[in-house]
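Below is one structure, written out as structure tokens; the observations come after it.
Nothing in this text is a laboratory measurement; each read-out follows from the coordinates by a stated rule. Treat the numbers as computed from the prediction; the structure is a model and nothing was measured. Using ideal geometry, Cβ is built from the backbone for each residue, glycine included, and neighbour counts are taken over all protein chains shown.
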Amino acid sequence: MPPGLLVPFPSGTPVFSGSHGHYRSYPGHLPVRLLHNDWDLLWVHGGRPTLEFKDGTVLSAAKDQFLVIPPFVSVLVGEQRAGTDFHYCHFHFRPPPVRIPKALHDDAHGPGARAILPLHFTRREAPGVLRAYAALVRVSNQAVEGRKKAPPWRMERAVCDLATALAQFALERTERRARRKLDAGGRLLAPAAPVDERIETIRRRIEANPARAWSVVELAASADLSTGHLSTLCQRVLGRSLKQFIVETRLQHALKLLKERPDGRVPSVLEVSEACGFSSQHFFSRQFKAYFRIGPLAYRNGATLE
């Protein structure tokens, strides 16, 4: 295998992006091209999945190994051995407050670029990451299966613990190699697109209330941008149009609502569609199936995402 790829660890506070699940491939489904606007950490359970980057570099992982897909990095996901099976978890990093006590600076910012993260590593290298990921899967399974009432923010805390373990692994690895005067052990990947605080503010507003009838004109005015400039920034920072981002945020919200049983009653697809701000149940179902490759009714009734 060629030397691995490395990335500087981002600065900021880890935040759950709302997407975590279990993937099993089936014949003819891979390869597939992915481009995320957040970080994606894969924990491999079977087969031998591969990540092929634009320059032709290929990383592969076996059982109990990990692959990282940084934001705004296009990869072709394939497999060297059939039976690809992995968990995936998405998270992003929120910029820390401008004013923060000096004593809390490192905690709010994390290790940042002084920690170099490999995009492929094993459980032996990072046992803390394995423990944190296993804990996240347990929390997720308990919530989905309804074995016990989940207190607020369990998934958020579990993902934050996972990102913390990842940062600690990257920092310890970097410091250990520096003490032994080793090189980085791979090739540094170019930094991802820079964070734009105006887009971050808009993104947070939409994620806080995805069902609202958001207006591109209104959002542009709130950031003191023209609609054309906002469109350009969204494509550069989010990797998609603002309207597409709003639809995807609503779909991620729908995943949660389809599994909720606040009054012990199974929600209807129409109720979820309306609660997520879609204009019709038909449009919602079509968008849901196109995005997740499964219908909302099947997902609500227990089918798993691909």
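Which aspartates and glutamates have a Cα lying under 12 Å from the Cα of Lys259, excluding residues fewer than 8 positions away in the same chain?
Of all the aspartates and glutamates, those that pass the test against Lys259 - Cα under 12 Å, at least 8 places apart if same chain - are Glu145.
Subtracting the Cα-Cα distance from 0.36 nm times the residue separation, let me have the gained length for His105 to Leu188 in nm, one decimal.
27.3 nm
In whole angstrom, how far apart do the alpha carbon centroids of segment 46-86 and segment 247-306 sit?
29 Å
Which order results if Trp43, Trp214, Trp153 are arranged by neighbouring Cβ count within 10 Å, fewest first?
Trp153, Trp214, Trp43
Give me the aspartates and glutamates in straight-line cross-link reach of Lys102: C-alpha distance below 14 Å, same-chain residues under 8 apart excluded.
none
If amide H atoms are built 1.01 Å from N in the plane of the peptide, which residues on other chains or at least 5 residues away come under 5 Å of the amide H of Leu189?
Under 5 Å from the amide H of Leu189 lie the amide H atoms of Leu6, Val7, each far enough along the sequence or on another chain.
Let me know the charge dipole size of segment 4-188 about its Cα centre in debye, to the nearest 20, where only the beta-carbon of Lys, Arg (+1) and Asp, Glu (-1) is charged.
The calculated dipole for segment 4-188 is roughly 440 debye.
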